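Notes follow the structure.
The values are calculated or read from the model by the stated rules, or taken from the named source; none is laboratory data. Computed from a predicted model, the values in this text were never measured in an experiment. Positions of Cβ are generated from backbone atoms using ideal geometry, with glycine treated the same way; all protein chains shown enter the neighbour counts. Surface areas here come from the heavy atoms of the whole protein model, side chains and all, with no ligands, DNA or RNA. Shrake-Rupley method; radii C 1.70, N 1.55, O 1.52, S 1.80 Å.
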Amino acid sequence: MQILDGKKAAQAIKDVLQIDVAQRANEGKKIPHLAAILVGNNGASETYVAAKVKACEETGFKSTLIRMDPDTTEFRLLEKIEELNADPDVDGILVQLPLPKSIDDKKVINAIDPSKDVDGFHPMSVGKMVEGLPTFLPATPYGIMLMLEHYKVETKGKHAVVIGRSNIVGRPMSILLSANKNPGNCTVTICHSHTANLKEICLQADIIVAALGIPEFLKADMVKDGAVIIDVGITRVEDSSRKSGFRLKGDVDYDAVAAKSSWITPVPGGVGPMTIAALMKNTYNACDTKN
Ligand code: NAD
């Protein structure tokens with residue numbers, strides 16, 4: 001069993017970006033600028049946004065964190081996005097999800113200028129992704145593809161099973177894994193909460209991407225020997241021995257599944273850091289294509 005170390009792979013990507021940004025600065029060119037909007041004070045969202053802002057700083061990007069009250073109206077948030085769309089200094093706009101229930105997240109995503117849609121959630125970006133055209137790919141599935149590429153995991157002709165069909169992870173993941181690219185070229189089965197015989201389907205998989213948000217859902221008896229396991233899940237579970245009062249759990253029963261797998265991502269330190277590296281790459285490209 002080998003570890004798909006997301007921290008290492010993400011660092012390698014950020015190191016290249018740092019050199020590229022320094023070179024842009026030397027040439028007097030514009031530095032990539034990510035604007036992140038955080039509505040409310042959800043603990044997990046705070047952590048994710050802080051990690052994104054920190055990665056920007058470390059890599060030499062400019063970043064702006066815009067905090068909005070939990071009772072911010074949809075109108076006010078849309079106004080803020082319009083402001084950022086019109087600001088030529090801002091290259092990428094990220095709205096941390098989930099948003100408060102009173103706000104329609106589809107309306108918000110659709111309001112982002114597609115040329116600044118570094119999370120890759122705008123319908124225009126999604127459409128281009130499906131067509132295989134150059135675009136911003138959604139950060140988590142893109143990060144997973146970068147990780148498979150980094151560790152030279154063979155995907156061509158493999159059977160990949162994706163568990164979860166959300167618009168931000170499962171569905172785009174299935175599209176990227178089935179694309180006529182390398183990595184890609186898998187035969188993909190997408191499973192969800194209404195899938196019958198999930199265990200039997202998983203047992204046929206060469207690659208499993210678990211993205212459902214149920215801690216330790218994927219057990220060793222659902223995995224064939226030598227499978228590649230990508231664990232996207234992050235759930236905070238209570239742990240009184242920790243200062244924070246919680247620890248992070250993935251969707252995979254790690255120790256038992258690791259013993260059967262050829263490659264596996266840990267949680268934390270797997271898909272999470274790759275998501276950030278992918279976001280940084282999108283932000284760099286957003287800047288580079290215009291400036
Ligand atoms: P979601 O809740 O939007 O979607 C969950 C999906 O799982 C749904 O499509 C549902 O059909 C499926 N599902 C639920 N129960 C199931 C079951 N018993 N069997 C099969 N399928 C089932 O979640 P999401 O936004 O896609 O996120 C999934 C997980 O990934 C969460 O833990 C989230 O925190 C994590 N996540 C991690 C990153 C990262 O950077 N590491 C990024 C995004 C999401």
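Some points to look at:
- Residues of segment 43-67 that turn out to be touching a strand residue (DSSP E or B) at 6+ places or on another chain (Cβ under 6 Å) and exposed (fewer than 14 other Cβ atoms within 10 Å of the Cβ), as a count: 1
- Residue in segment 127-173 that is nearest to the chain's Cα centre (by Cα), counting only those that are β-branched (Val, Ile, Thr) and more than 10 Å from the ligand (Cβ to nearest atom): THR135
- Qualifying residue in segment 251-267 (condition: within 14 Å of the ligand (Cβ to nearest atom) and basic (Lys, Arg)): no
- For PRO88, the conditions (1) in a loop (DSSP other than H, G, I, E, B); (2) away from the ligand (no atom under 16 Å from the Cβ); (3) within 30 Å of ASN185 (Cα to Cα) are fulfilled apart from (3).
- Number of the condition not met by ASP255 [criteria: (1) open to solvent by 40 Å² or more (accessible area, probe 1.4 Å); (2) more than 19 Å from ASP5 (Cβ to Cβ)]: (2)
- Residues of segment 218-244 that turn out to be open to solvent by 30 Å² or more (accessible area, probe 1.4 Å) and over 20 Å from the mean Cα position of the chain (by Cα), as a count: 12
- Test: residue in segment 231-247 that is within 30 Å of VAL16 (Cβ to Cβ), of a type in the set (Val, Ile, Thr) and more than 10 Å from the ligand (Cβ to nearest atom): no
- Filtering segment 188-217 to residues that are open to solvent by less than 10 Å² (accessible area, probe 1.4 Å), among the aliphatic types (A, V, I, L, M) and within 20 Å of the chain's Cα centre (by Cα) leaves ILE207, ILE208, VAL209, ALA210.
- Condition check for VAL108: under 27 Å from GLN11 (Cα atoms) and open to solvent by less than 20 Å² (accessible area, probe 1.4 Å): no
- Entry remark, segment 216-269: residues being closer than 22 Å to MET173 by Cβ, without any contact (Cβ under 8 Å) to a residue 40 or more places away in the chain and not acidic (Asp, Glu) number 15 in total.
- Scope segment 114-126; condition open to solvent by 30 Å² or more (accessible area, probe 1.4 Å) and away from the ligand (no atom under 16 Å from the Cβ); matching residues: PRO114, SER115, PRO123, MET124
- Put simply, of LEU146, LEU137 the only residue that is part of a loop (DSSP other than H, G, I, E, B), open to solvent by less than 70 Å² (accessible area, probe 1.4 Å) and under 21 Å from ILE207 (Cα atoms) is LEU137.
- When THR275 is tested against (1) away from the ligand (no atom under 13 Å from the Cβ); (2) farther than 23 Å from ILE201 by Cβ; (3) open to solvent by 20 Å² or more (accessible area, probe 1.4 Å); (4) among the polar types (S, T, N, Q), just one condition goes unmet, and that condition is (1).
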